[in-house]
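Chemist: One structure, pasted below without further comment.
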Amino acid sequence: MRKFWQKNWFDIEFNSFATLNPNTLADEIFYDKFYKEFFNKFNSYDELPSGWRQDKKILANFILEKIKFWNKQKVLSIGCGNGFIETELSKKWGGELVAIEPSHNASKWLKENQKIKLINGYFPKCLMENEKFDFAYMSYIDYVFDDNLYINILKGVKNYPIDDFLLIGASVYSQTLKENIKYFIKLILSKFGVFNQQLWGYQRTIEEHLALFQKAGYKNLQYNQLDNGIYWIRAKNE
């Protein structure tokens, strides 16, 4: 597991609304402030950067392909963010889609989509007792978890029980010499408090991801990459 840092997202500079901390992960207050700036800048999904939208559409199409191929009828999205992928799915699939997002601010646009049941809260506490799902997925949120929390989240999914789970957009890092040197320089600077970027999360090799799935109790694992290099992992309960 490696730390990684950022100073902007969607071309919104973090230091315009927060004091950056290279040693403490961005918290709920930070994200609330960010999304306030985000929705001041953008008025709809159509205004988001075209490259970002295209990448998300690739993920949405892959998820949709699997939902149809595996014949899933009720699907749970864990940590849907601004809900772009869920919106794309709702355009092409008529099954029941439930989306969970802790941040009330992030899901502003998704609230307008009547085809999706949006729940603001944390998995699994926010769900009704014994509510069943054929399938669940998480997209691009593993980076906010350290190893212990990551394992606990995976255990929560496995024990819910959700028998079929997909992680897509796993955060991975390059192991080249150049990247290793850059990482350790950033790590040292952050420890001395002279690195003006925000600790954004954690990256892992695909082998580290798989090892954490196994520690959570999963034995039946599949993984691969999309054409754009994005990793996915499918975990099935036995």
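Values in this text are rule-based calculations from the coordinates and carry no lab data. If you're wondering where the values come from, they're calculated on a predicted model, not measured in any experiment. Glycine gets a Cβ as well: all are built from the backbone with ideal geometry, and neighbour counts include every protein chain shown.
Chemist: Could you give me the percent of Cα pairs per 10 Å distance bin for region 143-238, shortest bin first, beginning at zero and ending with the bin that holds the maximum distance?
Modeler: Result, from short to long distances: 14, 40, 29, 15, 3 percent.
Chemist: How long are the three semi-axes of the equivalent ellipsoid for region 70-112, computed from the Cα gyration tensor as the root of 5 times each eigenvalue, in whole Å, largest first? Walk me through the numbers before you get to the answer.
Modeler: Numbers: eigenvalues 75, 25, 10 Å².
After scaling each eigenvalue by five and taking roots: 19, 11, 7 Å.
Chemist: Please compute P(r) over all alpha-carbon pairs of region 174-228, binned at 5 Å starting from zero, and give each bin as a whole-number percent.
Modeler: Result returned by the calculation: 4, 14, 17, 18, 16, 14, 12, 6, 1.
Chemist: A further question follows. Per residue, what volume in Å³ does the Cα convex hull of region 28-145 take up?
Modeler: Details: hull volume 13.1 nm³, N = 118.
In region 28-145, the Cα convex hull volume per residue is 111 Å³.
Chemist: Which shape class, rounded, prolate or oblate, goes with region 71-204 when its Cα gyration tensor gives a ≥ b ≥ c as root eigenvalues, a/c under 1.5 marks rounded, and past that a/b bigger than b/c marks prolate?
Modeler: Numbers: a/c = 2.26, a/b = 1.96, b/c = 1.16.
Prolate, since a/c reaches 1.5 and a/b exceeds b/c.
Chemist: Rounded to the nearest 0.05, what FRET efficiency do residue 58 and residue 159 give with R0 = 41 Å and r taken as the Cβ-Cβ distance? Could you check? Write out the running numbers ahead of the final one.
Modeler: Values: r = 31 Å, r/R0 = 0.75.
Once the sixth-power term is evaluated, E becomes 0.85.
Chemist: Taking Cα centroids, how far is region 17-34 from region 150-213 in Å?
Modeler: Centre-to-centre (Cα) distance: 18 Å.
Chemist: Oh, and also: Over the chain, what is the mean sequence separation of C-alpha contacts under 8 Å (at least six apart), divided by residue count, expressed as relative contact order in percent? Don't skip to the answer; put the middle values down first.
Modeler: Values: 364 pairs, mean separation 59.7, N = 238.
Rounded, it is 25 percent for the chain.
Chemist: Sort 80, 126 so the one with the fewest other Cβ atoms within 10 Å of its own Cβ comes first. Please report the intermediate quantities before stating the final value.
Modeler: On the way: 80 28, 126 12.
Fewest to most other Cβ atoms nearby, the residues stand as 126, 80.
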